[in-house]
Amino acid sequence: MNTGNSQPVDPTVRKTGGPQKDPQKDPQKDPQKDPPKAPSKEPRPSYVGKRKEQSNFDRLMAKAPVHFAVIAIAVLWTLPTFGLFISSFRPPDALVTSGWWTVFLNPLEFTQFTLGNYQEVLAAGMGQAFLNSLVISVPATVIPIAIATFAAYALAWMDFPGRQAIFIVTVGLLVVPLQMTLIPILRAYNVLGISSTFLAVWLAHAAYGLPLGVYLLRNYIGSLPRDLIEAAAVDGASYLNVFTRIIVPLSMPAIASFAVFQFLWVWNDLLVALVYLGGNQDVAPVTLVLRNIVGDRGQDWFLLTSGAFISMLVPMAVFFALQRYFVRGLLAGSVKG
Amino acid sequence: MDSNNVSLIFKALLAIFLGSFGVIGVFYALNILVEKAFPERARIKVLPWIYVGPALLLLTVYLIIPTLRTVYLSLFGPSSNEFVGLKNYIFVLTAPDTLTTFRNNLLWLVLVTGISVFLGLIIAVLIDRVKYEQVAKSLIFLPMAISFVGASVIWRFIYAYRPADAEQIGVLNAIATGLGFEPIGWLVNPAINNFALIAIMIWLQTGFCMVLLSSAVKGVPADVLEAARVDGASEVQIFWRIIIPMIMPTILVVSTTVIVLVLKVFDIVFVMTGGNLGTDVIASRMIREMFNFRNYGRGSAIAVILLIAVIPVMVANIRRFRQQELNR
């Protein structure tokens with residue numbers, strides 16, 4: 001991704017690079033694993049200078065604007081989601097007559113909260129949609145992982161004509177807007193009679209995710225130590241054996257990054273589901289159902305709040321649990337459109 | 001839980017299982033077939049194609065052929081029967097309402113890219129100096145995990161409008177009326193509704209920019225900064241004269257990523273306003289041409305314009321990749 005070695009600071013180089021990268025430098029780690037005082041962080045002089053001669057209080061005061069700015073931005077960025085979270089537990093009539101912040105006027109009044117919105121929206125199709133989203137997202141993540149890992153292995157370690165050309169085309173396809181493909185594929189699906197099926201979206205999502213997967217995994221697998229792979233070949237291991245016993249286990253970090261990225265992408269997608277699943281409510285994922293609630297019952301705020309929160313549960317859980325891998329996928333995805 | 005639900009969940013599990021393991025089974029079956037059917041020497045020639053084949057097939061069928069087909073269809077009429085030459089393009093590039101979509105996209109490009117990259121950079125520099133960096137980062141970054149649809153619902157609440165005599169339920173109008181102003185129709189007033197939508201995208205993207213730029217800022221050598229401080233440079237000077245030039249490559253990568261993303265922005269507009277009231281953008285307009293107006297020719301032409309807009313990024317990517325291969 002870098003254009004030369006003169007710039008040591010492009011992070012994308014070490015992110016998309018191979019397994020040899022220093023894990024200490026991973027900028028985004030779980031907070032538990034990477035306390036701010038991690039030994040890897042070089043002692044950076046405070047911008048106040050001459051810090052030793054100053055009292056703690058002076059330092060704090062000098063840094064006050066920084067603290068203020070960071071906290072203000074963090075609060076500002078969290079507030080929208082937090083407001084939705086509070087709102088989703090408020091009764092429908094309260095929701096449309098007063099702002100969510102009014103609950104803090106008497107915060108110990110627990111009768112102002114209810115789970116009714118969640119029950120209603122689950123009954124209104126969100127439960128089914130949640131299942132559909134899982135059915136769409138898991139295979140639409142596993143399929144491109146399998147296909148991309150096999151392809152990346154061949155592109156990195158097998159000799160065959162045209163492999164460089166294939167990879168360059170893949171890099172080019174990274175930014176092709178998927179809008180380019182909607183009309184012809186929809187028509188083909190209609191002819192084949194598979195529009196509004198899970199298979200239709202699995203394959204479409206797999207194909208749209210492939211360029212990133214092949215790119216990311218080929219770069220990673222290509223940087224695995226040559227000795228290891230050749231030694232296995234000398235021992236008479238077949239290509240498939242090398243793949244399952246060496247390539248896949250060693251590539252797990254890259255596979256995990258791509259998996260998290262692809263899963264979130266598919267789970268949060270609206271466009272592909274909208275076009276290829278059409279109006280079939282039986283197979284609609286959460287995003288599509290949520291958008292229909294906005295469109296048809298836009299004044300039913302109680303359905304919107306709880307529905308939106310249900311749709312956000314899985315991505316948020318994935319995000320908090322696997323943030324590190326997500327960031328790595330994003331960094332690699334910087335070249336993706 | 002009644003039996004209907006159980007069977008639904010069972011079916012879902014079955015579908016997940018089939019979809020996920022089917023593909024792995026295909027690879028194993030093909031591999032065994034090749035090992036049985038070909039002698040050793042031929043195997044080495046055939047096997048790579050078994051491994052690359054499925055990827056090649058999917059990319060060709062789902063990306064390459066449809067892209068070419070769309071370019072072709074853009075030269076035909078609404079139902080792709082009559083050849084119309086460049087008429088679709090002429091319409092798209094001259095009709096007042098499509099011109100509005102281009103203007104809007106330009107507005108999105110400039111504002112979202114400019115503000116989220118700049119804000120992300122400022123936050124990256126500031127956040128490096130506090131001890132609760134990881135927590136603050138996670139909070140600012142969190143919107144990245146939320147779908148555009150979910151984000152749109154969140155922001156519907158923020159922009160909610162109630163007449164002046166009623167109690168406001170949206171934060172922004174509560175503040176506005178609290179300060180003595182009339183409540184504002186954030187999403188219906190044509191002078192501001194585009195900006196209201198753009199703000200959502202900025203909220204979503206700033207965390208992404210911040211995370212990438214933050215790792216670049218951390219890569220600026222400490223002794224360089226220290227040397228500048230010893231020489232009496234102010235923090236503002238250090239920011240503009242040292243940090244920004246040194247992380248320029250990352251800024252460019254982040255900016256192009258955001259640009260490509262913004263070019264294709266669709267969900268937010270589609271969910272919030274449906275592209276009405278002068279808020280249409282290229283991608284939402286394309287969907288409307290497809291589904292509402294049933295004009296596949298114009299829809300294709302709009303998609304082609306989108307493709308042309310990303311070609312420079314594509315060329316830059318390929319160049320950068322080649323360079324990288326040379327340096328390997």
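The values are calculated or read from the model by the stated rules, or taken from the named source; none is laboratory data. As the structure is a computational prediction, the values presented were derived from the model and not from experiment. In this analysis, Cβ positions are derived from the backbone assuming ideal geometry, glycine residues included, and neighbour counts consider all displayed protein chains.
Listing for the model above:
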| read-out | value |
| --- | --- |
| Which numbered condition residue B:261 fails, given (1) part of a loop (DSSP other than H, G, I, E, B); (2) of a type outside the set (Phe, Trp, Tyr); (3) over 19 Å from residue B:130 (Cα atoms); (4) touching a helix residue (DSSP H, G or I) at 6+ places or on another chain (Cβ under 8 Å) | (1) |
| Residue check for residue A:260: modelled with pLDDT of 90 or more and under 30 Å from residue B:28 (Cα atoms) | no |
| Candidates A:308, A:254, A:233 - the one that is in a helix (DSSP H, G or I) and surrounded by fewer than 23 Cβ atoms within 10 Å (Cβ to Cβ) | A:233 |
| Condition check for residue A:208: assigned to a helix (DSSP H, G or I), buried (at least 23 other Cβ atoms within 10 Å of the Cβ) and of a type in the set (Phe, Trp, Tyr) | yes |
| Which listed residue, of B:86, B:107, is in the same structural domain as residue B:256 (by TED's automatic domain parsing) and out of contact with any His (no Cβ under 8 Å at 6 or more places or on another chain) | B:107 |
| Helices (runs of 4 or more DSSP H) contained entirely in the stretch A:84-172, each with at least 3 residues that are closer than 21 Å to residue A:203 by Cβ, within 7 Å of another protein chain (Cβ to nearest Cβ) and touching a residue at least 24 places away in the same chain (Cβ under 8 Å) | A:127-157 |
| First in the stretch A:273-298 and within 23 Å of residue A:185 (Cα to Cα), second anywhere and among the acidic types (Asp, Glu) and part of a loop (DSSP other than H, G, I, E, B), Cβ under 7 Å, 6 or more apart | A:287/A:269 |
| Condition broken by residue B:87, with the remaining ones in (1) more than 30 Å from residue A:309 (Cβ to Cβ); (2) buried (at least 18 other Cβ atoms within 10 Å of the Cβ); (3) in contact with a Leu (Cβ under 9 Å, 6 or more places away or on another chain) satisfied | (2) |
| Residue check, residue B:15 out of contact with any Lys or Arg (no Cβ under 6 Å at 6 or more places or on another chain), facing another protein chain (nearest Cβ under 9 Å), closer than 19 Å to residue A:177 by Cα and crowded, with 17+ Cβ neighbours inside 10 Å | no |
| Inter-residue pairs, beta-carbon under 8 Å, first under 27 Å from residue A:179 (Cβ atoms) and in the stretch B:308-328, second among the small types (Gly, Ala, Ser) and assigned to a helix (DSSP H, G or I), 6+ apart | B:314/A:172; B:317/A:172; B:318/A:172 |
| Flag if residue B:91 is in a helix (DSSP H, G or I) and assigned by TED's automatic domain parsing to the domain that holds residue B:196 | no |
| Lone qualifier among A:292, A:219 - being at pLDDT 85 or above and either touching a Cys at 6+ places or on another chain (Cβ under 9 Å) or over 22 Å from residue A:121 (Cβ atoms) (or both) | A:219 |
| Considering residues of the stretch B:142-194 that are aromatic (Phe, Trp, Tyr) and over 30 Å from residue A:320 (Cα atoms) only, the residue farthest from the other protein chains (Cβ to nearest Cβ) | B:181 |
| Residues of the stretch B:199-230 satisfying the condition of being assigned to a helix (DSSP H, G or I), under 28 Å from the mean Cα position of the chain (by Cα) and more than 18 Å from residue A:78 (Cα to Cα) | B:212, B:213, B:214, B:215, B:216, B:217, B:218 |
| Test for residue B:311: is it modelled with pLDDT of 85 or more, crowded, with 17+ Cβ neighbours inside 10 Å and facing another protein chain (nearest Cβ under 10 Å) | no |
